[in-house]
Amino acid sequence: MLELTKIEAFYGPIQVLFGVDLEVKENEIVALLGTNGAGKTTILRVISGILRPKSGEVTFKGEPLLEQTPPEIVRRGIVQMPGGRGVFPGMTVYENLEIGGFLYGKDKARRKHMIEKTFEFFPMLAERRRQVAGSMSGGQQQMLTLAKSFIMDPDLLLIDELSLGLAPKVVDDLIEILRRFNEQGVAMVLVDQHVDLALEVASRAYFIERGEIRFSGPSEDLKGRDDLLRSVFLRGESAAV
Ligand code: ATP
């Protein structure tokens with residue numbers, strides 16, 4: 001469904017991606033893992049059309065994507081869930097979801113339909129539709145961020161750091177929702193510091209180091225690659241001290 005070929009990307013004069021090849025098949029969940037600053041978010045930016053690579057190809061459903069604007073890429077079915085807090089704290093849950101669907105423009109009926117469909121996935125948000133987002137817990141706000149991504153009816157969801165700073169129970173609830181999205185046919189690229197979790201959810205994984213893909217294959221196989229995963233685990237442990 002999505003194919004990146006030989007992507008070379010720069011920030012100014014600094015090269016951060018070196019010949020990256022990456023593929024996501026229909027309905028697949030792919031984990032994109034790596035150390036800090038390896039280039040994971042940059043890959044997501046390239047897919048979303050926010051960062052134009054210097055060379056390489058991106059195709060989605062067989063069509064080239066690099067000439068498309070970010071809104072057009074969303075309309076074609078690729079939605080990126082932002083890392084960190086992705087809600088407007090002063091607005092209600094409902095208003096946040098309306099903004100999530102702003103690309104529907106004048107098609108208010110479609111937007112309303114998608115908001116109601118989203119509430120079926122997130123009954124907790126339906127109950128709180130009039131609550132100001134900033135008054136909810138961190139986990140509930142992350143739930144709302146995920147719900148906002150769903151409003152645009154994605155075929156491919158790019159998720160940057162779902163679990164960061166959240167309690168395990170909250171993360172479990174979010175993962176359960178991702179699995180249900182996936183049952184509805186939504187493919188995903190999952191970037192997460194929480195390696196065990198990402199490898200549990202994804203069937204296939206990539207490991208990136210300093211802008212180069214060092215591993216691609218079944219998640220099960222990456223679980224055994226201590227030589228690669230060690231650097232991520234070590235960093236996680238030092239962060240916890
Ligand atoms: P992290 O887990 O820390 O977010 P990452 O794998 O997502 O890491 P990227 O955010 O893609 O890494 O960053 C790749 C490299 O590009 C890093 O060296 C980073 O410092 C650099 N970088 C990221 N964004 C910019 C930017 N806007 N301008 C310049 N350099 C950037």
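Of the residues contained in the stretch 66-83, none is found to be among the aliphatic types (A, V, I, L, M), assigned by TED's automatic domain parsing to the domain that holds His194, at pLDDT 95 or above and in contact with a Lys or Arg (Cβ under 7 Å, 6 or more places away or on another chain).
Residues that are within 9 Å of the ligand (Cβ to nearest atom) and among the hydroxyl-bearing types (Ser, Thr, Tyr) within the stretch 1-33 comprise just one, Tyr11.
Each row is one residue, and each column tells you yes or no for (1) modelled with pLDDT of 95 or more; (2) over 23 Å from Asn27 (Cβ atoms); (3) surrounded by 14 or more Cβ atoms within 10 Å (Cβ to Cβ).
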position	(1), (2), (3)
Leu144	no, yes, yes
Leu166	no, yes, yes
Asp173	no, no, yes
Gln184	no, no, no
Ala198	no, no, yes
Gly211	yes, yes, yes
Asp226	no, yes, no
Ala239	no, yes, no
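Only one entry in Gly56, Gly105, Gly39 is in contact (Cβ under 8 Å) with a residue 60 or more places away in the chain and among the small types (Gly, Ala, Ser), namely Gly39. Test Leu44 against the criterion of being buried (at least 20 other Cβ atoms within 10 Å of the Cβ), part of a strand (DSSP E or B) and within 16 Å of the ligand (Cβ to nearest atom), and give yes or no. Against the criterion (buried (at least 20 other Cβ atoms within 10 Å of the Cβ), part of a strand (DSSP E or B) and within 16 Å of the ligand (Cβ to nearest atom)), Leu44 does not qualify. Checking Asn36 against (1) within 16 Å of the ligand (Cβ to nearest atom); (2) outside any strand (DSSP E or B); (3) surrounded by 19 or more Cβ atoms within 10 Å (Cβ to Cβ), only one condition comes out false. Which one? Going through the list (1) within 16 Å of the ligand (Cβ to nearest atom); (2) outside any strand (DSSP E or B); (3) surrounded by 19 or more Cβ atoms within 10 Å (Cβ to Cβ), Asn36 breaks only (3). Here Met114 meets each of (1) surrounded by fewer than 22 Cβ atoms within 10 Å (Cβ to Cβ); (2) away from the ligand (no atom under 16 Å from the Cβ); (3) at pLDDT 95 or above with one exception, condition (3). Tyr11 meets the conditions (1) outside the structural domain of Ala147 (by TED's automatic domain parsing); (2) closer than 26 Å to Asp153 by Cβ; (3) surrounded by fewer than 13 Cβ atoms within 10 Å (Cβ to Cβ) in every case but one. The failed one is (2).
For the stretch 59-116, name all the residues that are part of a loop (DSSP other than H, G, I, E, B) and of a type in the set (Val, Ile, Thr).
Residues satisfying the conditions are Thr69, Val87.
The values are calculated or read from the model by the stated rules, or taken from the named source; none is laboratory data. Treat the numbers as computed from the prediction; the structure is a model and nothing was measured. As a convention, Cβ positions derive from the backbone with ideal geometry for all residues, glycine included, and neighbour counts pool all protein chains shown.
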